[in-house]
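Worksheet: one structure, shown below.
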Amino acid sequence: MSESRRHNLGLRVEGLAAARGGRVIFESASFVLEPGATLLLKGPNGAGKTTLLRTLAGLAPAARGTAETYLDGGPRLRLDELPAPRPDRRAASIYAGHADGVKASMTGVEHLRFWARLYEGGADRIEIAAGAFDLAPFVHLRAGAMSAGQRRRLGLARLVISGKPIWLLDEPTAAMDAVAAARLAALILAHNAEGGAALVATHDKLPIEAPALILDARPPAETQ
Amino acid sequence: MTRKQQRTALIGAVFTVAALAVGLTLTALGRSVAYFYSPSDLAALAAPPSGTIRLGGLVEPGSILYTDDKAEVRFVVRDEIASTPVVYAGILPDLFSEGEGVVVEGRFGPDGRLRAAQVLAKHDENYMPREVAEALKKQGRWKEGERVGE
Amino acid sequence: MSVFDFANPERFERLARPIAVPTGALAAVLIGAGLYYGLFNSPPDYKQGETVRIMYVHVPAAWMALACYTALAAASAVGFIWKHPLADVAARATAPIGAVFTAVAIVTGSLWGRPMWGTWWAWDARLTSVLILFFLYLGYMAVWAAIEDKARAARLAAIVAIAGFINVPIIKFSVDWWNSLHQPASVFRADGPTIDGSMLAPLLLMALGYTVLFIALLLASMRNEIAARRLMRLEGAPGRPVSTVRKE
Amino acid sequence: MRAQLAVIGRDVSLAFRSGGGALHSVIFFALAALVFALAIGPDLALLSGLAAPILWAIALLSALVSLDRLFQADFEDGSLDTIVETADFLELSVLAKSVAHWLSAGLPVVLAAPAVALLLNLPAEGYAPLLLSLLVGTPALSFLGAIGAAVALGLRRASILVAILSGPLFAPALIFGVGAARAGAVDSPQFLPAILLLGAITLFGALLGPIAGAAAIRLNMTA
């Protein structure tokens, strides 16, 4: 285990199935997201990318199967014996979805401070986050006065503030220009270098080379 | 704190709040009086209450007096200790009679009489055919109004 | 698990089909007999006279109103905790039946209150708490109606039913605080019924009839619901996944 | 706990800035009083007798009108995800949201109540018991209202469903609130038991609301 790594937590998914509205979206999904690795999540609309990410984030229930975090090379600890915040899925991961998670009447600075308090002890990371997403030009504006791309960058700044090892990102490049997308790619790579892992649903807008997890929609003929 | 300790603390907090709620309820019940006034409740007050109140009790036998034009009826509602005079202009329910339970809603007039806006008869939980009631009366086992107005 | 497991409902259907019609017939016989004895072949009350006959319709309906809500909350708890689909179906089917019994209790109570108390309605403890019970039923049914995904609707409605059930004693207690115009219980009391045998018999007959009617309606409603879900399953084929997952 | 305090701080701060909910609740409260006063007409004595019950009823209604946004706003902009994933116990976060709702919709109404009571001709001796009963009882509305708000989360006709679900649960608080306000005004011995029971209802609501609300939110978070 390298000394320079901040994180060494991975995610092991076995036989995971999720259903929505009484319909099975996918089943027997098995893969490992290793510490320091990025996996791209690809597939057409409606294939279940969001469902998979939210299930992994602990925001939606799994129908079957398991998704467990593991400590790379470390001893296996019982979850209830670990100090809080506990390193199980929800505490170890951060999810950023289609919605930016920002309030129109709050300024960028207020958001960063709120997230620093919410994620407990991330106050020192506000500066780093603002730098990583180049928030300085608009950080004192209300979010309602920002452009869609600026709001998105502000929303994603909480990834850095949270200090969580596993990032679960759902179309993070939506509304972003090429410069911002390149910035995000660089940030993800830096996160990987620190031992952090990322699972990113994307439509090829993210300039990053990584193995892909593919969700294939079944052809209609096959669903019957 | 580990998660286990947090959970224990949380469960402790839940039980404390629940115990507090139960404690408040029991204290309140120990002090509570029925929520409509009985004649003795009213007698205990320094001055008759100003707003609309409800009064519950038995119609005192022999107290029902109609005015000459039958437009108004006066009667006295009483319990074991005190009595309250009532005046009412309106149609009385079928079950209204001497010795029976009533609930009167109204406000006190300047003469100290409760001016009823509504008179409701309260009937008891005894159901029996007429013959049975008469037989009971004959045998001296009749308990007139005993449970009424409790 | 949000996909319905149909093993149990199928066993239910095998059990329910043969008894559905006999239960309905038995309910009709019991209620018919209860009404005959209650309305034509029982004595008038010594004080209330003929009006007392409303009791035979009113009192058992009020009992059923409470019993149905208890059943609803119990089925909801089973459905919520053990995710038993049949319990969800039973809870959903119970609600409208309970609501109708509650409505019958309220309407007949109002008809009885007019001649006896002198008013159609009084904001008295018993009346108010039964009215609130009626609104609890309506709220439960509104949740089912509002949510498209029936698996989720079942669990959310269960939360509403259980929260309502925990609140029922509090609601009851709070309105009791107003004190009651309504007479105390006549049948279920520690010192024995205060109702004459000649009147108690038709009352209990009606109560039994209502209970059997409840069972008959419940079975019919549950069979309908299960059939509808099976149909939906055939059309929507939820058993097959939409996507497959592979790693490149 | 720090996460929950952060949520309370954010919600209250949002409610008190322009376009926030706090002012709306107070305006609705005053407007509802106006509606009652107009409907009752110029009989000041009648209005005076009804002032305490009217104030309680409109306090309940103004809590109700803001409840459907309790989780909905966070649900729509994605910040509910953030709140859920930082909560060790979602129940505590629902409790925090309820507390914030009371601070930003309940407390302003309680503070506005004396001014509105003046318009309704509440007798002088009625103010103290009315305010005390509102202070003790209105938190129960925010706690128990969280159940309906969580169940109706994400639905198009959420506000009416929240009202239907919350109405029966609010009944005890209303009964004891009005009871305490009226009994206190005439120095009746009923005042103390009524206010104690009101306190018990608020404490009970602080348990039931978060537990049931969190269960409903977990179900409704499924995308």
inquiry  = For the condition crowded, with 19+ Cβ neighbours inside 10 Å and under 13 Å from residue D:122 (Cβ atoms), what is the one hit in D:60, D:64, D:50?
reply    = D:50
task = Would you mind finding the one in A:144, A:108 that is crowded, with 21+ Cβ neighbours inside 10 Å and farther than 30 Å from residue A:42 by Cα?
result = A:108
key: Residue selected from the stretch C:155-208 under the condition at pLDDT 80 or above, more than 10 Å from chain D (Cβ to nearest Cβ) and surrounded by 18 or more Cβ atoms within 10 Å (Cβ to Cβ), by the criterion farthest from residue C:28 (Cα to Cα)   = C:161
inquiry  = Among the residues of the stretch A:154-167, are any at pLDDT below 90 and under 25 Å from residue A:214 (Cβ atoms)?
reply    = yes
message = Let me spell it out: the conditions are (1) farther than 16 Å from residue D:149 by Cα; (2) surrounded by 22 or more Cβ atoms within 10 Å (Cβ to Cβ), and residue D:100 meets all of them except one. Which number is the exception?
response = (1)
ask   = Can you pull out the helices (runs of 4 or more DSSP H) entirely within the stretch D:65-124 that have at least 3 residues that are within 10 Å of chain A (Cβ to nearest Cβ) and of a type outside the set (S, T, N, Q)?
value = D:69-77, D:79-85
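Based on what the data block shows, is residue B:141 at pLDDT below 70, out of contact with any His (no Cβ under 8 Å at 6 or more places or on another chain), facing another protein chain (nearest Cβ under 9 Å) and surrounded by fewer than 15 Cβ atoms within 10 Å (Cβ to Cβ)?
Details: at pLDDT below 70: yes; out of contact with any His (no Cβ under 8 Å at 6 or more places or on another chain): yes; facing another protein chain (nearest Cβ under 9 Å): no; surrounded by fewer than 15 Cβ atoms within 10 Å (Cβ to Cβ): yes.
Spelling it out, it is not the case that residue B:141 is at pLDDT below 70, out of contact with any His (no Cβ under 8 Å at 6 or more places or on another chain), facing another protein chain (nearest Cβ under 9 Å) and surrounded by fewer than 15 Cβ atoms within 10 Å (Cβ to Cβ).
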request  = Might you check whether a residue that is in contact with a helix residue (DSSP H, G or I) (Cβ under 8 Å, 6 or more places away or on another chain), under 29 Å from residue D:190 (Cα atoms) and in a loop (DSSP other than H, G, I, E, B) occurs anywhere in the stretch B:56-79?
outcome  = yes
ask   = Just a yes or no: is a residue in the stretch C:126-134 at pLDDT 85 or above, touching a Leu at 6+ places or on another chain (Cβ under 8 Å) and within 14 Å of another protein chain (Cβ to nearest Cβ)?
value = yes
request  = Test each condition in (1) over 18 Å from the mean Cα position of the chain (by Cα); (2) within 14 Å of chain D (Cβ to nearest Cβ) for residue A:115 and report the one that comes out false.
outcome  = (1)
Selected residue [among the charged types (D, E, K, R) and closer than 17 Å to residue D:179 by Cα] from B:54, B:78, B:115 = B:54
task = Could you check residue C:126 against (1) touching a Gly at 6+ places or on another chain (Cβ under 9 Å); (2) under 19 Å from residue C:224 (Cα atoms) and say which number it fails?
result = (2)
task = Answer yes or no as to whether residue A:218 is of a type in the set (Lys, Arg) and modelled with pLDDT of 90 or more.
result = no
ask   = Picking from B:34, B:9, B:28, which residue would you name as being modelled with pLDDT of 85 or more and either basic (Lys, Arg) or under 30 Å from residue D:208 (Cα atoms) (or both)?
value = B:9
message = Just checking, does the stretch A:117-125 include any residue being surrounded by 20 or more Cβ atoms within 10 Å (Cβ to Cβ), outside the structural domain of residue A:32 (by TED's automatic domain parsing), touching a strand residue (DSSP E or B) at 6+ places or on another chain (Cβ under 7 Å) and not β-branched (Val, Ile, Thr)?
response = no
request  = Would you mind finding the one in D:211, D:175, D:147, D:217 that is in contact (Cβ under 8 Å) with a residue 60 or more places away in the chain, facing another protein chain (nearest Cβ under 7 Å) and among the β-branched types (Val, Ile, Thr)?
outcome  = D:147
ask   = So which residues in the stretch C:128-153 are more than 14 Å from residue C:167 (Cβ to Cβ) and in contact with a Lys or Arg (Cβ under 7 Å, 6 or more places away or on another chain)?
value = C:144, C:146
task = Starting from the stretch D:190-204, take each residue that is without any contact (Cβ under 8 Å) to a residue 40 or more places away in the chain and within 8 Å of chain B (Cβ to nearest Cβ) and list its partners that are part of a helix (DSSP H, G or I) and among the basic types (Lys, Arg), counting only C-beta distances under 8 angstrom and pairs at least six apart or across chains.
result = D:192/B:31; D:193/B:31; D:196/B:31
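Filter the stretch D:59-87 for residues that are free of Cβ contacts under 8 Å to residues at least 40 places away in the same chain and out of contact with any Leu (no Cβ under 9 Å at 6 or more places or on another chain) and give the result. Steps first, please.
Kept after step one, since they are free of Cβ contacts under 8 Å to residues at least 40 places away in the same chain, are these residues of the stretch D:59-87: D:61, D:73-74, D:76-79, D:82, D:85.
Passing the criteria: D:61, D:76, D:77, D:78, D:79.
If you check A:172, A:207, A:137, which single one turns out to be away from chain C (no Cβ under 14 Å) and under 13 Å from the mean Cα position of the chain (by Cα)?
Going through A:172, A:207, A:137 in turn, just one is away from chain C (no Cβ under 14 Å) and under 13 Å from the mean Cα position of the chain (by Cα): A:172.
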ask   = Restricting attention to the stretch A:165-220, which residues are out of contact with any Ser or Thr (no Cβ under 9 Å at 6 or more places or on another chain) and either closer than 16 Å to residue A:48 by Cα or not assigned by TED's automatic domain parsing to the domain that holds residue A:57 (or both)?
value = A:212, A:213, A:219, A:220
task = Within the stretch A:20-48, track down each residue that is acidic (Asp, Glu) and more than 8 Å from chain C (Cβ to nearest Cβ).
result = A:34
task = Go through the stretch D:13-31 and give me each residue that's surrounded by 19 or more Cβ atoms within 10 Å (Cβ to Cβ), over 22 Å from residue D:117 (Cβ atoms) and hydrophobic (A, V, I, L, M, F, W, C).
result = D:14, D:15
ask   = Mind checking which pairs have a first residue in the stretch B:70-95 that is touching a residue at least 24 places away in the same chain (Cβ under 8 Å) and a second that is aromatic (Phe, Trp, Tyr), Cβ under 7 Å, 6 or more apart or different chains?
value = B:86/B:75; B:93/C:117
ask   = Assuming residue A:7 fulfils every condition listed in (1) of a type outside the set (Phe, Trp, Tyr); (2) assigned to a loop (DSSP other than H, G, I, E, B); (3) at pLDDT 85 or above apart from one, which condition is it?
value = (3)
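The values are calculated or read from the model by the stated rules, or taken from the named source; none is laboratory data. Because the structure is predicted, anything quoted here is derived from the model rather than measured. Every residue, glycine among them, receives a Cβ derived from its backbone with ideal geometry; neighbour counts consider all protein chains shown.
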